[in-house]
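The values are calculated or read from the model by the stated rules, or taken from the named source; none is laboratory data. Given the structure is predicted, the values throughout are model-derived calculations rather than measurements. Cβ sites come from the backbone with ideal geometry, for glycine too, and all protein chains shown count toward neighbours. Heavy atoms of the whole protein, side chains included, go into the accessibility calculation; ligands, DNA and RNA do not. Shrake-Rupley method; radii C 1.70, N 1.55, O 1.52, S 1.80 Å.
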Amino acid sequence: QVQLVESGGGTVYTGGSLSLSCAASGRTASRYAINWFRQAPGKEREFVAGIRWSDDDGNYADSAKGRFTISRDNAKAMVRLQMNNLKPEDTGVYYCAASMARIRTITRLIDYWGQGTQVTVSP
């Protein structure tokens, strides 16, 4: 099993920044890619970014490219999502999600989910 705990959500104005963290634990956590998904009110959950523990760089949704940076700290078993230049459309619940071996961009291929952390971007 993999346990995931998100933190760092909050409220910012348009153009602001937030940093989210995902703490991963469990015996097999190192075998899973860590992804961030988000779900805006009334919308489907969507992929934001993902990274493997061996990756120097992450993979990003088009909406996140150039604004968000995903990074890892293997020693702490944590993944960070730095979000800059936030827009109102970035508002939603952000979920840390573990997928076996590979970054996964669709929800049905995710193996474990965190509880989510709310990100609100005010106009």
Which number in (1) in contact with a helix residue (DSSP H, G or I) (Cβ under 8 Å, 6 or more places away or on another chain); (2) open to solvent by 20 Å² or more (accessible area, probe 1.4 Å) marks the one condition that Val121 misses? (2)
Looking only at the stretch 12-23, which residues are touching a Ser or Thr at 6+ places or on another chain (Cβ under 8 Å), surrounded by 13 or more Cβ atoms within 10 Å (Cβ to Cβ) and among the hydroxyl-bearing types (Ser, Thr, Tyr)? Thr14, Ser21
Restricting the search to the stretch 24-60, which residues are buried (at least 18 other Cβ atoms within 10 Å of the Cβ) and closer than 14 Å to Gln115 by Cβ? Ala24, Trp36, Phe37, Arg38, Arg45
Among the residues of the stretch 86-99, is any in contact (Cβ under 8 Å) with a residue 12 or more places away in the chain, surrounded by fewer than 16 Cβ atoms within 10 Å (Cβ to Cβ), touching a strand residue (DSSP E or B) at 6+ places or on another chain (Cβ under 7 Å) and part of a strand (DSSP E or B)? no
Checking Gln3 against (1) closer than 15 Å to Thr120 by Cα; (2) open to solvent by 60 Å² or more (accessible area, probe 1.4 Å); (3) modelled with pLDDT of 95 or more, which test does it fail? (1)
